[in-house]
Amino acid sequence: MMTVFFHILLISTIFVLIYRKTANGDDKMVFFTFSLLKICCGILIGFLYWSFYGGIGDTIYFYEQAEVLFQYFHGDRISFSSWVGFSPLNLSLAEFSAQYEPRTFFFVRCISFLYAFSQGNYFTMSIYLSFFSGLATWGFAYQLRKCCRMHKRAIYVALLFIPSITFWSSGLLKESLMTMSIYGLGYAVLMWKNNYKNWIYSMPILVCLLVLWQVKYYVPIVLIPILCLALFFSQSNFLSKFRFRTKIALFLALLIIGGLGMALMHPVFNSGRFFELVRISHDVIARNSSVAIIHFQNTENNILFFIKNLPLAWFTGVFRPLVWESFNAFSMLWAIEKGVFTVLVLIASFLSFKMKFNQTEKWWGIAILIYSPILSSVLSLATPNFGTLIRYEVAYMPFLWLLVLMILNKYKLNLK
């Protein structure tokens, strides 16, 4: 009982400190509602997997492996330096299977510390991850709202209150840690952008990038070049003498160079097996999927498979499932959400031709329109299962929602 009281007190203290620093009443209410929502989502994910799915699923596996790793340390089977990652584990795969996949191993090692801190309570661990994921999201949204005051509601809705995104970026899942890192990175970049001389923000930027690289390496490979170029092109005055077409060509050329440079730093790409590994992942997941499977056109050649299915993969990652493709109550709610998004995209696309955008708006819009399709296409092809894709799209769908809602809000403001 004292342990539960301690965790409640700790979370409440952090919440109150941030709540007091929030500027006005509206923002305070948004922060309160969102924080409560994230904690509830973390608890609901636990009940979903423990009860509805019968104790089977990624989150249960992560929890059990974190327990195994901590118990090996607690029982002196491994040393402290092995537990925290400074020396090899010397455990067989039968003893600790999470080490077979590096990203899973990194996440399990992280939450094993949380396991020790929470004394092994699954729901306490889930609440902590949900809460801190929510804090990072809120921090980024709040700073972005300061930069774009006229788009406050659009920012809050897109980043905080899209149901599938808020839900699946919570709980004891890799997506919680990924979300924490993406928005922590965004928050630090915005703070550094407002004060270039304050290099203290370089530390959280590096930490967030390191965590992203370890847990979801494909995100920083795509994100870093696009983020750097968007920051440079939106702020550079000397580019004003070039025509927009020339600047676009330069942007894309630098993006290809930077993207290849980032990609070749990872074994998946520098091994030359990227297309093969996408195909292997696709085939494995497709074989183990039933009603939630996403069907793509089959070809013998791995590169041809990737190219031929790219348009459908993009469409799937952004707009599917369609309502008639839903297979249970959860997928129906998700399909309705995607249906609303599709309608808003069509409206925003039509209205965008009637508006003028400044340099900053153009480059950040271009950045989102490059970042999101790349991730949506690759992830859809590599994971042809709607149940998995709903979690993976947390990495890019918030920014598409943000772009669409800000275009609609800009049109509304222009009418006034």
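The values are calculated or read from the model by the stated rules, or taken from the named source; none is laboratory data. Because the structure is a prediction, the values reported are computed rather than measured. FYI the Cβ positions are ideal-geometry reconstructions off the backbone, even for glycines, and counts take in every protein chain you see. All accessible areas refer to the heavy atoms of the entire protein, side chains included, with ligands and DNA or RNA removed. Shrake-Rupley method; radii C 1.70, N 1.55, O 1.52, S 1.80 Å.
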When you go through (1) modelled with pLDDT under 90; (2) surrounded by 14 or more Cβ atoms within 10 Å (Cβ to Cβ) one by one for residue 291, which number turns out not to apply?
(2)
Look through the stretch 294-309, keep the residues that are open to solvent by less than 30 Å² (accessible area, probe 1.4 Å) and in contact with a Phe, Trp or Tyr (Cβ under 6 Å, 6 or more places away or on another chain), and return whichever of them is nearest to residue 339 (Cα to Cα).
309
In the stretch 310-351, which residue that is assigned to a helix (DSSP H, G or I), of a type in the set (Ser, Thr, Tyr) and crowded, with 17+ Cβ neighbours inside 10 Å is farthest from the chain's Cα centre (by Cα)?
331
Picked from the stretch 47-57 (must be farther than 14 Å from residue 126 by Cα and over 22 Å from the mean Cα position of the chain (by Cα)), the residue surrounded by the most Cβ atoms within 10 Å (Cβ to Cβ) is 53
Checked against (1) free of Cβ contacts under 8 Å to residues at least 60 places away in the same chain; (2) more than 21 Å from the chain's Cα centre (by Cα); (3) closer than 20 Å to residue 404 by Cα, residue 144 satisfies every condition except (2)
Of the residues in the stretch 210-254, those that are touching a helix residue (DSSP H, G or I) at 6+ places or on another chain (Cβ under 7 Å) and over 22 Å from residue 184 (Cα atoms) come to 233, 239, 247, 251, 254
Restricted to the stretch 147-177 and to residues being polar (S, T, N, Q) and outside any loop (DSSP other than H, G, I, E, B), the residue surrounded by the fewest Cβ atoms within 10 Å (Cβ to Cβ) is 164
The stretch 262-273, residues that are assigned to a helix (DSSP H, G or I) and open to solvent by less than 40 Å² (accessible area, probe 1.4 Å)
262, 263, 268
Among the candidates 225, 311, residue that is touching a Gly at 6+ places or on another chain (Cβ under 8 Å) and of a type outside the set (A, V, I, L, M, F, W, C)
225
Within the group 180, 203, which residue is open to solvent by 20 Å² or more (accessible area, probe 1.4 Å), out of contact with any strand residue (DSSP E or B) (no Cβ under 6 Å at 6 or more places or on another chain), modelled with pLDDT of 95 or more and in a helix (DSSP H, G or I)?
180
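Okay, residues lined up against (1) open to solvent by 50 Å² or more (accessible area, probe 1.4 Å); (2) under 19 Å from residue 129 (Cα atoms); (3) assigned to a helix (DSSP H, G or I):
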site	(1), (2), (3)
17	yes, yes, yes
20	yes, no, yes
26	yes, no, yes
42	no, yes, yes
45	no, yes, yes
59	no, yes, yes
67	yes, yes, yes
81	no, no, yes
98	no, no, yes
